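*Asks:* Here it is: the structure, laid out below.
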Amino acid sequence: MRTMTPFIIIMLPVWACSVAAGAAAPPASQPSPAEQAEIQTLAGQLSDPARSAKTKLEAAGMLLSRPQAQAVEVLKGFLLRGDNRAAQVAIADAIVAHQVERQEFIEPLLSMLTGGDPSVRPAAARALARYRGYGVLDHLLGLAGNRSADSAMRVEVVAALQTVLDKKVADLLVSLLDDPDPSIRGAAADSLAGLTNIRTFGTDSLQWKLWWDANRDKDRWVWLSDLAESLARSKASLGADNAMLRDRLAKAMAEVYDATEASQRDAVVLGFLKDPLGDVRLAGLRLLDRRVAANETIPPDMRLEARLLLADGDARVRQEAAALTASLADKEALGALLDRLGAEDAPSVRQALLKALGQLRSAEALSAVLVEVHSRHDDVAAAAAEALARIASKSPLEGQQRSAAAEALVDRYRQAAGGDAGVREALLAAMGAVGDESFVPVLQEAMKDSSAKVRLAAVGSLGRVGNGESAGRLVDLVGDGDRGVRQAAIAALGSLGDKEQLQAVLRRTQPVLETDAAVRQGAWEAVAAILARCDDATVTTFADGLAGRSDAAESRVKILTVLTDRLRQAGSPQLASAQRKLAGALVAAGRGAEAATLLEEIHAALAAGGKPEAPAVWMEWVDALLAADDPNSIMVIKSQTDAELFAGAVERLVARLDHLAAQERFNVVVLLATEAMDHLAERLGDRHKASLRKAVEDGKARQLAADRLRVSKLAGQLCSSDEAERKAAADELTGMSDRAVLPLLEALRHAVAVPGADAQAEKAILEVLRKVSPRMTGYDPAAPAAGKTALIDSWMRDSQTRPR
């Protein structure tokens, strides 16, 4: 047996659901007063001759979705009466759109189909063709095949049958190709083409009969699968064509506008806005929106036309007009949007209107927005909640307004439980903007929601309206599986938490637990915020606990900086101790120079007061200077009169030189060791003098070797074909200053002396040499090689004898 395609597998459950709709339970009775009022409002829209066909269709659809018997009776009454053809057509089309199969509508629809009003027949035929139960299909087949029946009615039935994927329908349509009435034959051929997507047979009955002979005995599901695949391809193609044509139309209109002289563009846009074709009006609005975004002046007549389109017959146009009206922000905008909201029935447009009102952020829209928060359409309620949040963010709600907003949000949130997550998210976010403490239990409950975006909204709002008692609930979410939720929970704890939650937040700063760098950074910020509310002892203990974490160096500096500022303002006797810890943290963070400045101040104050801690702080000061590679460290050591402290400082200097040598920072070794020999020699023992001499000699030799390797590579890059690489090499060589001179001279001699001298390399090296050593003059690139090498050798001898 043939395997069914994915499309038909998807389609079959939908088909089954639609068939089952015919067996649905009868509607419930006794609607509530609110439901009665809504049914009457929708009935009024159907009966109002001023309402558009779109509005009537949407009203019919809403009534069809109501379970109350009163709604069914209202619809049945419209179908039976012949005085409102627009309502009859809207209800029939809504039956098709909403796949409704209520038995109560069969007789009224048949009366419409067989009655004397031809304007309602097509809609009635389409609606009846939707039925799969109650013998409706067999009745339609009988009408279509009845040659004595009204020909026009038969044509409408035959046309409607193309939507019914049933072999009995195909069999009848093929037989009708032999009907004596040419209109029936044409309708049958059209319906077969629509049913099968075969467009080449036309009214050729022979080809259709051959096709039917080949398909008549196929298993029903195989036959349906074939038809479904063909129809799917046709629909997809048509949808793509429509989208492509709309896109091409919009682009063509934009090109026309751009090609128009500036003085005529207003007229062009106005013409677009008044065009009878909806797609043209829509494109006109988008062109106008482009002008608004570019801060162009919009004439009053164009602004008026845009507002008038809020009542356009095309919902897409009304949506675009709503957004544009808010962007224009005229003094009439708020009133126009509110008026349209009161008359608008399409949920998609109501959503757009609410977004526009939110953009205006006017408190005058609050009451209308609160009404829409209660909308049964989730998208509309979500848009209302977002608008409410924007209004409240601009003008905080107080008193009765705040109470009404709180009640509306909580009530609608309870209704949204288990439904669309988007509306719950919007409602929770609005709670944060309104800021009423009554939201706290709801927000705490929402933190357990299965949707990450709902949890995120709940956490964010709790951070805005919660209190310290809420912080404990947030701890569980700092390890949430969703990155955004973790980040929001941590930020909320930064606002609400205390020392009880401090360790939970601190754990999220560890890379082994939190792999996301942004979340870790947020955790550090939350830690700092919590510590700002903690007592000095807690902050000190916490900072001490971070001393062993290399990844916490900068954070420890920030924490200790806040602590020392606080202690300074309080005049605390613990200030000096905290400052010493801060200095140690600065050194650990690679900020030795800052630590040295701080320690110098501390030492001066302690020494002036004869404090016993002064010698230890002096040694810490020396350590900080050495950590910063500061030559002033030698003069500070020299100034020390205490022999024991002096000796200890010299040992620190020697240890620092060994550390620098291990890091291959030989230039700093030479600098510090040379300074020490120049200023400390008379107080040094033979061991230290020998150690310093060896440090200078080894440092110079090893630095020269390293410089030669580096300069050799950079000299080669000076001749690179890449300009950026050449410039980078020249800049680095210039930055090396005297250290680059001897290796560059060696490279220049090689470029001149080797056979086949490299003139390009010679020129490039010489240009750099003139920058780093301007004293080297008299070099003539056109001179013989022997003369040039002799000059280079003299420069090399001079360079070797100069102190480096």
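The values are calculated or read from the model by the stated rules, or taken from the named source; none is laboratory data. The shown structure was predicted, so the numbers you read here are calculated from the model rather than taken from an experiment. Cβ placement follows ideal geometry from the backbone for every residue including glycine, while neighbour counts extend to all protein chains displayed.
*Asks:* For the stretch 155-173, what are the residues that are over 11 Å from Leu141 (Cα atoms) and more than 51 Å from the chain's Cα centre (by Cα)?
*Replies:* Hit for the stretch 155-173 is Val155, nothing else.
*Asks:* Filter the stretch 628-653 down to the residues that are aliphatic (A, V, I, L, M) and without any contact (Cβ under 8 Å) to a residue 40 or more places away in the chain, then identify the one that is surrounded by the fewest Cβ atoms within 10 Å (Cβ to Cβ).
*Replies:* That would be Ala643.
*Asks:* Then there's this: Take the conditions part of a helix (DSSP H, G or I), under 26 Å from the mean Cα position of the chain (by Cα) and closer than 25 Å to Ala53 by Cα and apply them to Arg350. Does it pass?
*Replies:* So Arg350 fits the description; yes.
*Asks:* Now a separate question. Under the condition of being touching a residue at least 12 places away in the same chain (Cβ under 8 Å) and not in a helix (DSSP H, G or I), which residue from the stretch 703-721 is surrounded by the most Cβ atoms within 10 Å (Cβ to Cβ)?
*Replies:* Only one residue fits best here, namely Leu718.
*Asks:* Among the candidates Leu172, Leu143, Leu192, Leu176, which residue alone is more than 29 Å from Gln103 (Cβ to Cβ) and either in the same structural domain as Glu104 (by TED's automatic domain parsing) or of a type outside the set (Asp, Glu) (or both)?
*Replies:* Leu192
*Asks:* Within the stretch 105-147, which residues are part of a helix (DSSP H, G or I) and among the charged types (D, E, K, R)?
*Replies:* Hits for the stretch 105-147 are Glu107, Arg121, Arg126, Asp138.
*Asks:* Looking only at residues in the stretch 280-319 that are of a type in the set (D, E, K, R), outside any helix (DSSP H, G or I) and touching a helix residue (DSSP H, G or I) at 6+ places or on another chain (Cβ under 8 Å), which one is surrounded by the most Cβ atoms within 10 Å (Cβ to Cβ)?
*Replies:* Residue satisfying both the conditions and the ranking: Asp312.
*Asks:* Let me ask something else. Within the stretch 663-679, identify whether any single residue is in contact (Cβ under 8 Å) with a residue 24 or more places away in the chain and over 30 Å from Arg708 (Cα atoms), and answer yes or no.
*Replies:* Yes, that holds for at least one residue.
*Asks:* Are any residues in the stretch 164-182 crowded, with 19+ Cβ neighbours inside 10 Å and in contact with a Gly (Cβ under 8 Å, 6 or more places away or on another chain), and if so, which ones?
*Replies:* Leu172, Leu176
*Asks:* Okay, moving on. Answer yes or no as to whether Arg376 is assigned to a loop (DSSP other than H, G, I, E, B) and not small (Gly, Ala, Ser).
*Replies:* yes
*Asks:* Further question: So which of Ala405, Ala363 is within 25 Å of Lys448 (Cβ to Cβ) and touching a helix residue (DSSP H, G or I) at 6+ places or on another chain (Cβ under 9 Å)?
*Replies:* Testing whether each residue is within 25 Å of Lys448 (Cβ to Cβ) and touching a helix residue (DSSP H, G or I) at 6+ places or on another chain (Cβ under 9 Å) leaves just Ala405.
*Asks:* If you go through the stretch 722-732 one residue at a time, do you hit one that is closer than 26 Å to Asp658 by Cβ, of a type in the set (Asp, Glu) and either in a helix (DSSP H, G or I) or not assigned by TED's automatic domain parsing to the domain that holds Arg797 (or both)?
*Replies:* Taking every residue of the stretch 722-732 in turn, none turns out to be closer than 26 Å to Asp658 by Cβ, of a type in the set (Asp, Glu) and either in a helix (DSSP H, G or I) or not assigned by TED's automatic domain parsing to the domain that holds Arg797 (or both).
*Asks:* Within the group Ala595, Ala526, Ala570, Ala576, which residue is closer than 30 Å to Ala488 by Cα, touching a helix residue (DSSP H, G or I) at 6+ places or on another chain (Cβ under 9 Å) and of a type in the set (Gly, Ala, Ser)?
*Replies:* Ala526
*Asks:* Failed condition for Gly418, given (1) in a helix (DSSP H, G or I); (2) farther than 30 Å from Ala321 by Cα, with all others met?
*Replies:* Tallying (1) in a helix (DSSP H, G or I); (2) farther than 30 Å from Ala321 by Cα, Gly418 fails exactly one: (1).
*Asks:* For the stretch 112-121, check the following and say yes or no: at least one residue is under 29 Å from Lys218 (Cα atoms), surrounded by 21 or more Cβ atoms within 10 Å (Cβ to Cβ) and in contact with a helix residue (DSSP H, G or I) (Cβ under 6 Å, 6 or more places away or on another chain).
*Replies:* Checked against the condition, which is being under 29 Å from Lys218 (Cα atoms), surrounded by 21 or more Cβ atoms within 10 Å (Cβ to Cβ) and in contact with a helix residue (DSSP H, G or I) (Cβ under 6 Å, 6 or more places away or on another chain), the stretch 112-121 yields no hits at all.
*Asks:* Still on this structure: Let me spell it out: the conditions are (1) surrounded by fewer than 18 Cβ atoms within 10 Å (Cβ to Cβ); (2) among the small types (Gly, Ala, Ser); (3) assigned to a helix (DSSP H, G or I); (4) in contact (Cβ under 8 Å) with a residue 12 or more places away in the chain, and Ser572 meets all of them except one. Which number is the exception?
*Replies:* (3)
*Asks:* Does Asp480 meet the test of being crowded, with 17+ Cβ neighbours inside 10 Å and at pLDDT below 90?
*Replies:* On the way: crowded, with 17+ Cβ neighbours inside 10 Å: yes; at pLDDT below 90: yes.
Considered against the rule, which asks whether it is crowded, with 17+ Cβ neighbours inside 10 Å and at pLDDT below 90, Asp480 comes out as yes.
*Asks:* Given the criterion surrounded by fewer than 20 Cβ atoms within 10 Å (Cβ to Cβ) and either modelled with pLDDT of 85 or more or of a type outside the set (Gly, Ala, Ser) (or both), identify the matching residue among Leu137, Leu161.
*Replies:* After ruling out the rest, the residue left standing is Leu137.
*Asks:* What's the total number of residues in the stretch 51-104 that are in a loop (DSSP other than H, G, I, E, B), among the acidic types (Asp, Glu) and surrounded by 21 or more Cβ atoms within 10 Å (Cβ to Cβ)? Walk me through it before giving the result.
*Replies:* Within the stretch 51-104, the subset in a loop (DSSP other than H, G, I, E, B) is 51-52, 66-67, 81-84, 98-102.
From what's left, among the acidic types (Asp, Glu): 83, 101.
If we keep only those that are surrounded by 21 or more Cβ atoms within 10 Å (Cβ to Cβ) as well, we get 101.
Number satisfying all stated conditions: 1.
*Asks:* Does Val96 count as in contact with a Lys or Arg (Cβ under 6 Å, 6 or more places away or on another chain) and of a type in the set (A, V, I, L, M)?
*Replies:* Details: in contact with a Lys or Arg (Cβ under 6 Å, 6 or more places away or on another chain): yes; of a type in the set (A, V, I, L, M): yes.
Spelling it out, Val96 is indeed in contact with a Lys or Arg (Cβ under 6 Å, 6 or more places away or on another chain) and of a type in the set (A, V, I, L, M).
*Asks:* Would you be able to say whether some residue in the stretch 369-381 is surrounded by fewer than 19 Cβ atoms within 10 Å (Cβ to Cβ), touching a residue at least 24 places away in the same chain (Cβ under 8 Å) and among the hydrophobic types (A, V, I, L, M, F, W, C)?
*Replies:* Checked against the condition, which is being surrounded by fewer than 19 Cβ atoms within 10 Å (Cβ to Cβ), touching a residue at least 24 places away in the same chain (Cβ under 8 Å) and among the hydrophobic types (A, V, I, L, M, F, W, C), the stretch 369-381 yields no hits at all.
*Asks:* Which one is farthest from Ile95 (Cα to Cα) among residues in the stretch 148-175 that are of a type in the set (Val, Ile, Thr) and in a helix (DSSP H, G or I)?
*Replies:* Top of the filtered list is Val174.
*Asks:* Go through the stretch 248-279 residue by residue and tally those that are within 19 Å of Ala315 (Cβ to Cβ) and either part of a helix (DSSP H, G or I) or at pLDDT below 75 (or both). Break it down stepwise before answering.
*Replies:* Residues of the stretch 248-279 within 19 Å of Ala315 (Cβ to Cβ): 249-250, 272-279.
Now restrict to residues that are either part of a helix (DSSP H, G or I) or at pLDDT below 75 (or both): 249-250, 272-273, 278-279.
So the answer is 6.
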